[in-house]
Amino acid sequence: MALTEQEQIRRDHLDALRAAGVEPFPADAWPTTHAAADVLDAFDDARHQPGEDGEPATEPFRATIAGRMMTKRVMGKAAFFHLADESGQIQIYVRRDDLPEGFYNTVFKKLLDPGDWLGIEGEVFRTKMGEVSVRAENLVLLAKSLRPLPVEKEAVDPETGETRRFNEVSDPEFRYRQRYADLALHPEVRDVFRTRHRVVRTIQGFLDEQGYVEVETPVLQPLYGGAAARPFTTHHNALDMPLFLRIADELYLKRLLVGGFEGVYEIAKDFRNEGLSRFHNPEFTMLELYVAFRDYDWMMGLVERMLEAVAVAATGSADVARTIDGQTHTLRFAAPFRRVPIFDAIAQATGHHLYRDGAVAGRDEIAGVARQLGLEVDDSMGAGKLIDEIFGEAVEPTLIQPTFVTDYPVELSPLAKRHRTKPGLVERFELIAGGKELCNAFSELNDPLDQRARLEEQARLAAGGDDEATREIDEDFLRALEYGMPPAAGLGVGIDRLTMMMTNQSSIRDVLLFPLLRPETISADDIPDGTIRVVELASGGWRVLARVNGGNKSETFRESEVEAVEFAEWLLEQGGYDRLTMSS
RNA sequence: GCCCCUAUAGCUCAGUUGGUUAGAGCAGCGGACUCUUAAUCCGCGUGUCCCAGGUUCGAGUCCUGGUGGGGGCACCA
């Protein structure tokens, strides 16, 4: 691999450390007494601060800490740097004469670099400039950093009192591809994932308290179902059979209701083979919950209480700040949330009552309203689809405060029970907040004959070329339903989008530690010396990469893999190379 | 799949109408400095200007095609 000058210098430092008898990757543990933030919290000037003239503190405050060296300010025989651990940063004061003979000049000044993990032991004090710091009496290298972390600097603006950051890494690609560096540099990014952890834990704690059981159902499924989406497919060798990564876990959780569990939930990774966007990642986390003997009305009450608990856990209060189109709103996740039937919401927004006298308006009337709103209408769109479009255009973006939208047209909701009093509608709600859907819930369909009819309709769609419809009927699921599934309320919550809401992030990539990106392109710099490699290009074609004695060769073949391989083999025969590898 | 924006040093960015040897700050290297904090001061420029073609006497700059990334649309019960 080609090393940058700075990478080479750090490797030189590594060798020099070993030569000086300092192990760069020691095995010894370094048990700490404090986190950086604990030291800052606990410091008390009256008891811990030494006197001006070398007078010892009335109660010296000794601490052993560990972290990453972030900055280094050397002033001859003394130096300062900041040490960052998970809790925050604390300044370290180093003096030549506090350390063993020669260590400061030959090791600390020359061979330790920003990014190195250090252990510090010493007394806590406040500097003349007023910053609580640790005076290092023992300084130990815990792990050497061989790759320079980008350096960002901070300063407090004297007028506003706000901390400004300079040279901040702004390239999103760098941040997502090298999340480890992003996290090391940006405590606030770590905070997002701590909040995500609290969101999940709060939900689990809340549901556990109700007596519900968290379960694990198969990720690898012989048939996929429970949603409409294209699946990822894979293959099991020993059984020689295709398998699908789940697109939902609904059908397995319902089997558990049949089996006698009265409240089950799963926080699951689902996988959908679809596009990427600010709101979509091919693998994402979904909460699904099913509770026997309850209905969607009851479920709204549970969601209100659960999300209030989540908001408090995530932000400290039920009021959550949310930036939408550059405007900051305060979303109140305090029960009860507003409830509005979808047709009432549409009527308020458009003036058109499309559900009258116990029936949904005619398709032509609905299409007319859609056209008035500037929506494109084509003949394939049914009444249900048009209602959905009108809602999405005219209502959804206006629902900033958490709002339950209820009683959808039956065509939109094949898995929900028909409404007990309103013909043509189903018992379903979505929770909308900040103009986006957060939850989807039904009174669940438990009639096995009706369910069979609907799955058969799906299979017909699949045969007709709809690649999001499930091709095969899940006979085992129907067999389970035939034994009898209790009436139940079901809920789905997108955990990623909920976390976006609670942390005020605008992209799903900012709440996923490792969002999916296209693979990095390999260049000749990235392969070991003395090797030749043939790589297939995402853009089509093949490239032969060769590297010997630091010299690179790169040759692209658009048309033929055979030509590329023949060229690589010819190159190998010319000598100087000892290896030819193929990579996909 | 379509549209817009974008890619220059490890990081953040300049780079004029196409002009000869591509710049700055930070980081790094050498030196000074025992309370600094975007430390300071002196000296040093480290590069596949995303890739491949093309136009031109001459391309970081213009054109065509491609790739990565961001945003929007479409898709997503």
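The values are calculated or read from the model by the stated rules, or taken from the named source; none is laboratory data. Note that the structure is a prediction, hence the values are computed from the model and not measured. As a convention, Cβ positions derive from the backbone with ideal geometry for all residues, glycine included, and neighbour counts pool all protein chains shown.
A few remarks follow.
- Some residue of the stretch A:306-319 being among the charged types (D, E, K, R), away from RNA strand B (no atom under 15 Å from the Cβ) and not in a strand (DSSP E or B): yes
- Taken over the stretch A:106-130, residues that are near RNA strand B (Cβ under 9 Å from one of its atoms), of a type outside the set (A, V, I, L, M), more than 14 Å from A:F81 (Cβ to Cβ) and not in a strand (DSSP E or B) amount to 3.
- Taking the criterion of being assigned to a loop (DSSP other than H, G, I, E, B) and in contact with an Asp or Glu (Cβ under 7 Å, 6 or more places away or on another chain), the residues of the stretch A:1-43 that qualify are A:M1, A:A2, A:A35.
- For the residues A:I527, A:I508, the requirement of being buried (at least 20 other Cβ atoms within 10 Å of the Cβ), within 13 Å of RNA strand B (Cβ to nearest atom) and either at pLDDT below 80 or more than 23 Å from A:D270 (Cα to Cα) (or both) singles out A:I527.
- Residues satisfying the stated conditions in the stretch A:210-240, i.e. in contact with a Phe, Trp or Tyr (Cβ under 6 Å, 6 or more places away or on another chain) and within 16 Å of RNA strand B (Cβ to nearest atom): A:Q221, A:Y224, A:P231, A:F232
- Residue match in the stretch A:158-169 (condition: touching a residue at least 60 places away in the same chain (Cβ under 8 Å) and in contact with a Leu (Cβ under 7 Å, 6 or more places away or on another chain)): no
- Among the residues making up the stretch A:116-130, those that are among the acidic types (D, E) and within 39 Å of the chain's Cα centre (by Cα) are A:D116, A:E121.
- Qualifying residue in the stretch A:68-76 (condition: in a loop (DSSP other than H, G, I, E, B) and of a type in the set (D, E, K, R)): yes
- Scope the stretch A:392-426; condition within 10 Å of RNA strand B (Cβ to nearest atom) and touching a helix residue (DSSP H, G or I) at 6+ places or on another chain (Cβ under 9 Å); matching residues: A:E393, A:Y408, A:E411, A:L412, A:S413, A:P414, A:L415, A:A416
- Residue list for the stretch A:477-499, filter: in a helix (DSSP H, G or I) and either farther than 26 Å from A:V264 by Cα or touching a residue at least 40 places away in the same chain (Cβ under 8 Å) (or both): A:F477, A:A480, A:L481, A:Y483, A:I495, A:D496, A:R497, A:L498, A:T499
- Residue within the stretch A:462-473 that is modelled with pLDDT of 85 or more and either surrounded by fewer than 19 Cβ atoms within 10 Å (Cβ to Cβ) or more than 29 Å from the chain's Cα centre (by Cα) (or both) present: yes
- You will find that of A:R177, A:R198, A:R194, the residue that is at pLDDT below 95, basic (K, R) and over 20 Å from A:F477 (Cα atoms) is A:R177 and no other.
To keep it simple, each residue is scored yes or no on (1) within 22 Å of the chain's Cα centre (by Cα); (2) more than 30 Å from A:K254 (Cβ to Cβ).
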residue	(1), (2)
A:P158	no, yes
A:N167	no, yes
A:S170	yes, yes
A:H186	yes, yes
A:F193	yes, yes
A:R201	yes, no
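- Condition met for A:A63 (farther than 30 Å from A:R165 by Cα, touching a helix residue (DSSP H, G or I) at 6+ places or on another chain (Cβ under 8 Å) and surrounded by 13 or more Cβ atoms within 10 Å (Cβ to Cβ)): no
- Restricting the stretch A:152-178 to residues that are β-branched (V, I, T) and more than 7 Å from RNA strand B (Cβ to nearest atom), the residue that is nearest to A:I508 (Cα to Cα): A:T163
- Filter result (outside any strand (DSSP E or B), more than 15 Å from RNA strand B (Cβ to nearest atom) and of a type outside the set (D, E)) within the stretch A:260-295: A:G260, A:F261, A:F293, A:R294
- Matching residues, the stretch A:226-247, being in contact (Cβ under 8 Å) with a residue 60 or more places away in the chain and either within 21 Å of A:D208 (Cβ to Cβ) or among the hydrophobic types (A, V, I, L, M, F, W, C) (or both): A:A228, A:A229
- There is at least one residue in the stretch A:79-93 that is over 24 Å from A:Q8 (Cα atoms), in a loop (DSSP other than H, G, I, E, B) and of a type outside the set (A, V, I, L, M, F, W, C).
- Within the option set A:F81, A:F108, being crowded, with 17+ Cβ neighbours inside 10 Å, within 24 Å of A:A27 (Cα to Cα) and without any contact (Cβ under 8 Å) to a residue 40 or more places away in the chain holds for one residue only, A:F108.
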